[in-house]
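First comes the structure, then the notes that go with it.
Read-outs: derived from the displayed coordinates by stated rules, not from any lab. From a predicted model like this one, the values you see are computed outputs, not experimental measurements. Quick reminder, even Gly has a Cβ in these numbers, built from the backbone with ideal geometry, and neighbours come from all protein chains shown.
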Amino acid sequence: MAASPLRLLIVSHSLSGGGAERFAATLLRHLDRSRFAPAACLAKDDRRYGAPAGLRIETLGYRGLASLPGAVRRLRAHLEAERPELVLSNVLSTNCLTGAALAGTSLELPWVARLGNAPGLGEPWYQRLAARRFYPRACRVVANSQGMVAAAAREYPAIASRLEAVPNPTDFAAIDRLAGEPAQLGRRQGRLQLLWLGRLSAQKRPELALEILARLRGKLDAGLWLCGEGPLRPALARRAARLGLGDRLEMPGFVANPFALMREADLLLATSDFEGLPNVLIEAQGLGLPAVATRCPHGPDEIVSEGATGRLYPVRDVASGVEAVLELGRDAERRRAMGEAARSQARERFDLPRVLPRWQSLLLAAAGRSA
């Protein structure tokens, strides 16, 4: 008799906004329903990435630190009532939430914690303390890049033997469909079009993209689409005015379909101080868009092949970023060759049909089932 599908609970901050949330939404849509019966608990009820029809979703009412104890209690009550066979949490904040909920029960539920950002960089001190306490409870801890595995082993030595790297599955079939839709922004003919995508936060350093654009003045006719929302938006608008960027810069905010812009752009510009395995780089490379990205910890150097699919430059080194944009911006044939190589390489490494089986095998093994 065939085994019943594995009852899997995915705990995510939401189904909207960032790479961890997109990872959760992708798994919920594509897990093999003959082997998995997934459900979700969301700290915040935001579902812009969508979820399959009929999927059971519980919300935990998280609205900031003051509401955290209530969210922990609600998750604990859900675990005790539903008793899933496996729990998967998808980023540091939800790992801490899940660890706290499990710690307050007598349940021996297997738990897989996924790391989505560079360990030890930019994390609140209280989350790092909580992670050190709760991660030893997890049967598997999965990072999405090899660099993160090494960093997590240094940051959390107690779990070094349970760490492994599995990238995010990227649904290029869906991305290709969305890339064929009309782009939200128009470009000026003959102008090199740069694209920056991400949260407008200190980690992502969007102000450096403005500085790079400003330094290109008089050397290369270039424009920049700076797409995203976040706390730095007012400061970025003021800086753009001081730099006199004028109509060379557009800041449209959150873009529901960034893939149509990737199709139209000439180069992806990434300026982060640190990452995990940035989805935007994977998606852009898979659409044939060369990248100029910081060689930050961790992930860009596991996505972009230096000199073959883009250029990598030192963190916060604006001059090197400008040099790389000039080098590629002046050579359309090289950009075309890089784009072809990027498309082939990204799909070979990260496409959903290749990566999803690895995740499914890992989850089944963590629950004590054979793959």
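Quick look at the numbers
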| item | result |
| --- | --- |
| Signed unit charges on C-beta, dipole axis of the chain, positive-most listed residue THR105, SER89, CYS227 | THR105 |
| The stretch 288-371: proportion of alpha-carbon pairs further apart than 19 angstrom, % | 50 |
| Trypsin sites (Lys or Arg not before Pro) within the stretch 54-124: DSSP coil, no more than 15 neighbouring Cβ in 10 Å | ARG56, ARG63 |
| Rounded to the nearest 20 debye, dipole of the chain from Cβ charges on Lys, Arg, Asp, Glu | 580 |
| Cβ-Cβ FRET estimate between ASP317 and GLN184, R0 fixed at 22 Å, reported to 0.05 | 0.10 |
| FRET efficiency, ARG132 to ARG191 (Cβ-Cβ, R0 56 Å, nearest 0.05) | 0.65 |
| At R0 = 25 Å, FRET efficiency that the Cβ-Cβ distance of ARG369 and ILE57 yields, to 0.05 | 0.55 |
| Contour excess over end-to-end distance, with Cα ends at ARG349 and ARG7 and 0.36 nm allotted per residue | 120.3 nm |
| Residue-span extension gain [ARG295 to ARG358] - 0.36 nm each, minus C-alpha spacing | 20.0 nm |
| Binned Cα-Cα distance frequencies in the stretch 1-84 - 10 Å width, integer % | 18, 47, 29, 6, 1 |
| Inter-probe distance in nm under a simple model that places probes 7 Å from Cα toward Cβ, at THR105 and ARG217 | 5.8 |
